[in-house]
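Input: a single structure, listed below in structure tokens.
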């Protein structure tokens, strides 16, 4: 349920949730059940989180691991329908079912610590004063663009996965896809059907995963990501340590040569790319499927970053400020991880607020 994002001034709440994707909605669900007064601020124009921005050819049947939000299953979805539509409608129905009146569109510009021990959340719709914060901003707003010598001289088109329009935009073109993740593979498989030529470049040789990926493998992958976050390093995605699943389409792509990666080139020219050995390729488009970084710049005034460049987190709690919880960050940056982290964050916040020498907040509806 979207609520008008009219201006507010110093509104007091127990908790501000920033972001209304999987992590934000999961957190809001648990906050509502705990009776904690809160507000959800979402910069997107409509429900759906980052899913609403995915390309039309990414149908629901191609989605890599979508888990239902707590308390409401996603049932009867057409696998041939765009995932942006399926999941957007599901998130909208979820907000309505649990009366999660998300305020949107709202851009949060800064979170600051106040002299009164509360957090001030500054946004395009006004300022909120909170006892705790759940940051659930994900990564979609921060696409990562690598930098190579000569990149600015390229006369063709450069774009990132975040702006990928679907395969038909590349019909008849020579396309260089850079990146070793799931998005790169998906792009190559569908672009190769309409393009004149595709070339795949990866910084490291891709690892393909054959066989099942069960609970034990999932826990091991999450543990690797969690270790980096505990050390204060920028998180890797969970997918980056699981490998690329070998399904029928991927096997066919490898057999045909579409999924035959080349190592990273040395520089970009006005018409393509050159490798250290002098070999070169002429292309019309460079598609950077190079991932995303955590969207946490608005937390900069709190000085949460460690020397390693990341925010050190124990569970979901920022080590440098126990009032701040990061959900959908690092080891919880998967749909099932975000669900669990939302509940864990709310349990920690309840303990924090109980310790404070203030009167308990009344059981209240979502702001």
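If I stretch the segment between residue 280 and residue 355 completely, what's the gain in nm (0.36 nm per residue apart, minus their alpha carbon distance), one decimal?
So the extension gain works out to 20.7 nm.
Using only Cα atoms, find the angle between the long axis of helix 335-355 and the longest principal axis of the chain, and express it within 0 to 90 degrees, rounded to the nearest 10. So the helix axis and the longest Cα principal axis differ by about 30 degrees.
Where does each of 346, 327 land when they are ranked from fewest to most other beta-carbon atoms within 10 angstrom?
Values: 346 27, 327 32.
Least to most surrounded, the residues fall as 346, 327.
Placing dummy labels 7 Å off each Cα toward the beta-carbon, the span from residue 231 to residue 293 is 1.9 nm.
Shape analysis of the chain yields a ratio of the Cα radius of gyration to the Kirkwood radius, Rg/Rh, of 1.00. Among 197, 190, the ranking by other beta carbons within 10 Å of each residue's beta carbon, starting with the fewest, stands as 197, 190.
Taking a ≥ b ≥ c as the square roots of the eigenvalues of the Cα gyration tensor, an a/c ratio of 1.5 or more together with a/b no larger than b/c marks region 1-158 as oblate.
Diagonalising the gyration tensor over the Cα atoms of region 146-199 and scaling each eigenvalue by 5 before taking the square root yields semi-axes of 19, 14, 10 Å, largest first.
In this structure, residue 255 and residue 204 have a Cβ-Cβ separation that, at R0 = 25 Å, corresponds to a calculated FRET efficiency of about 0.70. The order of 60, 329, 148, 29, going from fewest to most other C-beta atoms within 10 Å of their C-beta, is 148, 60, 29, 329. Shown is the FRET efficiency for residue 322 and residue 46, computed with R0 = 30 Å from the Cβ-Cβ distance and rounded to the nearest 0.05: 0.35.
Read-outs throughout are calculated quantities, based only on the coordinates presented, and are distinct from any laboratory measurement. Nothing here was measured: the structure is a model prediction, and the numbers come from that model. Note: ideal-geometry Cβ built from the backbone for every residue, glycine included; neighbour counts use all protein chains shown.
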